[in-house]
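Take a look at the structure below.
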Amino acid sequence: MRGLRGSQLSLDPQLGRFERTYVRILGAPANGLRIRLRRVLPETRGHYGTILDAGCGTGVFAMELAKMHPESLVTGVDIEPELVERATAIARAAGITNCRFEVGDVTALTFDDRFDLVVSVDNMEHVVDDVRAMKVLLRALHPGGRLVLHTPAYHRRWPVLRKQVNFDVPGHVRPGYHAEELVSKLREAGFQHVEEKYTYGVLENLTNNISYKISGANQENKVAYALVAPLLHAVSYPGQFSQPRWGAGLLATARRPAAS
């Protein structure tokens, strides 16, 4: 399905007619999701036979990965059966045939040496034993396989330049990570060649703060948000070309050690 990123969500049977039309034209409406798509997907460039989206939710990243890598088989896993069912229905309706979904807990996946690339976006802040989850993702990779991991950073700019602890979102067991903390935990889990950089620069952070003020973490005030979202997307778009010294998100890449 062609269109702006996330436009396949217009095929979600749980959306109303206006919501479906809006998403089909403008793509995924959530400002934070659009920022993460722009930041994370370029890090997956390359050739992969198999890709895992660990903690896929409604499958936006898994489906975008499937479109970006048509030669790959993408598996999305989430702990919520309802989200897996929705993602499966959306992918089927969108004609995305190289993507499938299944129920699974990121801390207890049973994949062994299965994937060339594992992507996990904003999941570790929900997991108490995050190092255990990272070890599970390590085991899921082929030796030499690659991990792309995004999380909230511990601090964010609010209103613009002053640091504050990141949003207190229901379901988070920590507000986010310091860069050195995330790198240390990935190495403890067994990953090598760990690199990290911040996301959510000034423009992205500003629009995301406004987005959160309007809609919170539960998609509140949908009409007001629908009116403002196109402007937020336009303002935040150039932010993807920045390399902030610090920001409200962290993007880490790492590899499973190659077999000796």
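The values are calculated or read from the model by the stated rules, or taken from the named source; none is laboratory data. Nothing here was measured: the structure is a model prediction, and the numbers come from that model. When we count neighbours, we look across all protein chains shown, and the Cβ atoms used for this are built from the backbone with ideal geometry, even at glycine.
Residues of region 180-201 being of a type in the set (S, T, N, Q), surrounded by fewer than 18 Cβ atoms within 10 Å (Cβ to Cβ) and either in contact with a Ser or Thr (Cβ under 8 Å, 6 or more places away or on another chain) or in contact (Cβ under 8 Å) with a residue 12 or more places away in the chain (or both), which ones?
If the condition is that a residue be of a type in the set (S, T, N, Q), surrounded by fewer than 18 Cβ atoms within 10 Å (Cβ to Cβ) and either in contact with a Ser or Thr (Cβ under 8 Å, 6 or more places away or on another chain) or in contact (Cβ under 8 Å) with a residue 12 or more places away in the chain (or both), then Q192 is the only one that fits.
The conditions are (1) modelled with pLDDT of 90 or more; (2) of a type outside the set (D, E, K, R); (3) farther than 20 Å from V40 by Cα, and L203 fails exactly one of them. Which is it?
(3)
Considering only region 188-197, I want to know if a residue exists there that is polar (S, T, N, Q) and either in contact with a Gly (Cβ under 9 Å, 6 or more places away or on another chain) or more than 26 Å from G104 (Cβ to Cβ) (or both).
No: region 188-197 contains no residue that is polar (S, T, N, Q) and either in contact with a Gly (Cβ under 9 Å, 6 or more places away or on another chain) or more than 26 Å from G104 (Cβ to Cβ) (or both).
Looking at (1) modelled with pLDDT of 90 or more; (2) in a loop (DSSP other than H, G, I, E, B); (3) surrounded by fewer than 19 Cβ atoms within 10 Å (Cβ to Cβ), find the lone condition where Q219 falls short.
Among (1) modelled with pLDDT of 90 or more; (2) in a loop (DSSP other than H, G, I, E, B); (3) surrounded by fewer than 19 Cβ atoms within 10 Å (Cβ to Cβ), Q219 violates only (1).
Are any of the residues in region 155-175 modelled with pLDDT of 95 or more, outside any loop (DSSP other than H, G, I, E, B) and crowded, with 23+ Cβ neighbours inside 10 Å?
No, region 155-175 has no match at all.
Are any residues in region 137-146 outside any strand (DSSP E or B) and surrounded by fewer than 22 Cβ atoms within 10 Å (Cβ to Cβ), and if so, which ones?
Once the filter is applied, which keeps residues that are outside any strand (DSSP E or B) and surrounded by fewer than 22 Cβ atoms within 10 Å (Cβ to Cβ), region 137-146 yields L138, R139.
Look at region 222-260 and say how many of its residues are aliphatic (A, V, I, L, M), touching a Pro at 6+ places or on another chain (Cβ under 8 Å) and surrounded by 11 or more Cβ atoms within 10 Å (Cβ to Cβ).
Count: 4.
Which condition from (1) surrounded by 19 or more Cβ atoms within 10 Å (Cβ to Cβ); (2) out of contact with any Pro (no Cβ under 8 Å at 6 or more places or on another chain); (3) of a type outside the set (S, T, N, Q) is the one that L4 breaks?
All conditions pass for L4, except number (1).
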